[in-house]
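These notes are about the structure you will find just below.
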Amino acid sequence: MIPDFIYLMRSELVVTLIIFFLLFVKIGKGMRNSSLLPVIQFLLLVNFLSHFACHCSGNLFGNMFLVTPLITMQKAILSLAVYLISLLCTEWLKKTEHLAEFFLLMLSALLGMFFLLSSGNLLIFYLSLELATIPVAAMANFDLHKRISSEAAMKMILSSAFSSGILLFGISLVYGSTGTLSFSALPALLNGSPLQIMGFVFLFTAFAFKLSIVPFHLWTADVYEGAPVAVTSFLSVVSKGAIAFVFMTFLYKVFQPLHTTWYNLIFILSIITMVIGNLFALRQNNIKRFLAFSSIAQVGFILVGISSNDPGGMTAVIFFILVYVFSNLAAFGVADVIAVSTGKETIEDYKGLYATNPFLGWILALSLFSLAGIPPTAGFFGKLFLLTAGASTGNYWLIIIAGLNMVISLYYYLKLVRAMFMDKNENPIPKIYVNRTVKWAMVLCALAIILLGMFSWLYDHIHSLVA
Amino acid sequence: MNLHIILLLPLLTAAGVLISSNKQVIRMISLFGSLIQMGLALALYFAFTAERTAGNATQMLFEQNYTLFTSLNIHYHIGVDGISVAMIMLTSFVVVAGVLVSWNIEKMTREFYFLLVLLALGAYGFFISLDLFVMFFFLEISVIPKYLLIGVWGSGKKEYAANKLALMLMGGSALILVGMLILYFNAGHTFDIQQISQSVIGGRLQNIIFPFLFLGFGVFTALFPLHTWVPDGHSSAPTAGSMFLAGISMKLGGYGCLRVATYLLPEGAKEYANIIIVLSAIAIIYGAFATMMQKDLKYINAYSSVSHVGFSLLGIGMLTQTAITGALMQMVSHGLMTALFFAVIGMIYDRTHTRMTAEMGGLLKVMPFIATILFIVGLCSLGLPGLSGFVAEMTVFVGSWENADTFHRVATLLACASIVVTAVYILRAVGQTAMGPIRTEHLSLGDAKWNEKLAAIVLLAGILAIGIMPYWLNDLLTGPAKIIMDRIHP
């Protein structure tokens, strides 16, 4: 008889086993990067597939650890993203000196996120959030010879320490006024007293830091620019995704009694986030900063979906993040290939890219169109569903502003497309040999970007899990 | 007839273009794909009329309905009525001509044809879809091909024009999106056009939604003052790009204004009809006078497009059955006419390397075929009887005159008066280009090649078919126009 917890915690166990494997590799004679990397990629694929092993739900440790098919699905999305990162950043990973440590840190963060998604108690929630954050700060420092990379790590650790402090403060206020830390017991005890609202606002602020919602976004661009591309893509896709999932369950399940409070917060913050993110993205010249601000704006759109407060909104957000994984990772993948082989990172350098590297040009263009929400890419469906969810509250101003922001965002995405396809460059990026693994991963992303929206059963499947 | 073929064929053509690497093969695939598509469009017409004469009076024919997103109640619902059939025929004619005139594109040929076919695919999908979501999807598909066609293969201030066009059209889409979503939540969570038309939407709500939808589609169809992308976009685009923009894309907007805004929101249409009339009257007159000032052939045609499209918007604003039929006829006629005009301008430019009328002259001597076509299309533009322009504009005016009050009469008279201005600029442009003394450097120029002749003949056939026998188009369009009118004046 196999104990329950092996089924329920199978993804956590797989990740832990991979971590142990990496530790043993490190303690032993060590392996060359070129032979270790395929093994890691394979293990990550196994990790992704392990989520489909059973369709089970339950809870462990007295409601501290919850598993539902929906949570498993969210974990699967994150694992998929990590697997894709390991494929897309092959070039950089091969060159790094401490490959085992890099994945050690990344998987620890992933493990933290798994616990975060499954958490059923503010205590385990806080612990796993820390586990999900601190390794990432160490990862941001991975370009050891670059000052800017250390600076990014420092900024990241300081801002996350600050937000953890705020989070703890919020948790203590909520605990003080309700006397419980359990998610299932909290809603009944929330009555909207000023103390509770204050505690909630602190919790909200901590989330806003992690999600880089304006005005808590200031660390984002510097960290994204300084960190290696593999880390930046992990931060912008996996971390963001995990936090957004948890944020949503938090608001929908635990803090449902304070709905009016958080609706107003989300309404205002989503508008500010979209507008500021877009306006700053207009002015960026470094591709990583550019993608950083565009991801801030995307978070604004996610908030529009969250504001709906119904299963439709949750479905839309999960679907959007799934699409976002592919679009953003493809864009970062191209940036990584170019940065590793030529060291070029500015939009100026991308001029005339299409003439020399049509494959990379198409992939980047496709992912940008998906981020901008242009059909036939999946991004179109993702954005449209978010806006549909946002409109369900009857607050059409939010939709009008979001619509305007789609136009602004199109402007800067097109700026990059224009640089690649139309502008001439006397000194263009030379023809780059793209590793076969990377190429396949990019083709996979491109296929997902084109087909994900059309395969409507996926959306309906998510909806059935949510409802 | 299974409507899926209409979408499947461009898809196959696009795939064929993508996988082949030889330029000649790519051209051939595109040409045969679009020719078969034209055959299909004609077959659709005959199948449609056969159904109608057999007494099938359902509003939409050849309907198919598949659920796409169950939880959001989005359906892939397609079907055609007379308007759609006319628009599909128009599109297929313009696509064939567009493929033919682009025969000499050497720069990134594969990408060029792929984008052309993709644009056409968007238009076909738009015209057959009966679900707002799917319709919006197809409408948006065509934005990026337009952007790239202008930006990569265009001339002049192409990057500026491409950006302006993409952003303005995206702005229009954003308006449509908002209108669409408000409609969705107030019509009982459905995007289906027929279901929305049966649900009761209050007058006040209609007045809120109508501007979003009408202005949104209005951007696409160059509603004054949202027309500013037209001159830049048309003049910077490559020849086929201009033809597609004026011949197909602007019609997407007009079709949307009618099918979505006016049909679904009759109360809103009544409320704003006068504003539409004023705006389109301004567009007609302003466009005509602005054209008079232009010296570049492409700008002449672009501004005259603003003026001509004004007629179809005027027809919509007049809200009588004849006027709406006229508006639709004007869309078809203008589509064929401008496409041909741009094609001829492209042919002339390929030879003389200038588009300035002052730098040309006497071209009739060296390129009789091209110059003759230029004459014919010019005369069509100024409304000579026997050509499509006359039929369409006449129908609009007759329909407008049915409104007996002073306001409508004045607007109609003003619109009529613009025809004189049209005559001035058309005759001047055509005269300067084709007649008079020829420049010595132009003496060695040759006439149209087979592909150019074929392109011109295809479009000319359409123009003559409408001009000489307008009844078939009229029969297609009056039925749907009556259905729209029945909703406005029940």
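Only the coordinates and a few stated rules stand behind these numbers; no lab work does. Keep in mind the model is a prediction, meaning the values are calculated, not measured. When we count neighbours, we look across all protein chains shown, and the Cβ atoms used for this are built from the backbone with ideal geometry, even at glycine.
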Which order do the peptides B:213-219, B:60-66 take when ranked by the mean count of other beta-carbon atoms within 10 Å per residue, highest first? B:213-219, B:60-66
Relative to the longest principal axis of chain B, what angle (0 to 90°, nearest 10) does the C-alpha long axis of helix B:388-401 take? 40 degrees
If I fit a long axis through the Cα atoms of helix B:321-352 and take the longest principal axis of the Cα atoms of chain B, what angle between them do I get, 0 to 90°, rounded to 10? 30 degrees
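Shielding of B:67-78 by partners, i.e. mean partner chain Cβ atoms within 10 Å per residue?
Other-chain Cβ atoms within 10 Å of each residue's Cβ, averaged: 5.
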Net charge, A:LEU37 excluded, C-beta distance under 14 Å - Lys, Arg +1, Asp, Glu -1: +1
In whole angstrom, note down how far apart the Cα centers of the range A:7-32 and the range A:237-286 are. 34 Å
Could you tell me which of the pairs A:LYS94/A:LYS415; A:LYS415/B:LYS251; B:LYS146/B:LYS251 are separated by over 21 angstrom between their Cα atoms in the structure shown? A:LYS94/A:LYS415; A:LYS415/B:LYS251
So which DSSP H runs in chain A come out at 24 Å plus along the axis (Cα) with average Kyte-Doolittle of at least -1.0? A:10-27, A:33-50, A:69-88, A:99-118, A:122-140, A:147-178, A:194-211, A:259-282, A:287-306, A:311-342, A:396-421
Partner shielding of B:166-178, taken as the mean number of other chain Cβ atoms within 10 Å, equals 6
What ranking, highest mean first, results for peptides B:441-447, B:301-307 when packing means the other Cβ atoms within 10 Å averaged over each residue? B:301-307, B:441-447
Once you average over the residues of B:142-154, how many Cβ atoms of partner chains fall within 10 Å of each Cβ? 3
Taking the Cα centre of the range A:4-466 as origin, sum charge times position over the Cβ atoms of Lys and Arg (+1) and Asp and Glu (-1), and report the length of that vector in debye to the nearest 20. 640 debye
Taking θ = phi - 60°, what integer Hz values does the Karplus form 6.51 cos²θ - 1.76 cosθ + 1.60 yield along the range B:426-431, in sequence order, with x for Gly and Pro? 5, 4, 5, 5, 5, x
Protection proxy ranking of A:242-250, B:155-163 - average other beta-carbon atoms within 10 Å, highest first: A:242-250, B:155-163
For the range B:474-484, take each phi angle, set θ = phi - 60°, evaluate the Karplus expression 6.51 cos²θ - 1.76 cosθ + 1.60, and give the result in whole Hz per residue in order, putting x for glycine and proline. 4, 4, 5, 8, 5, x, x, 4, 5, 4, 5
Taking +1 at the Cβ of each Lys and Arg and -1 at the Cβ of each Asp and Glu, which of A:TYR413, A:ASN425, A:ASN395 sits farthest along the dipole of the range A:337-430 towards its positive end, judged by Cα position relative to the Cα centre? A:ASN395
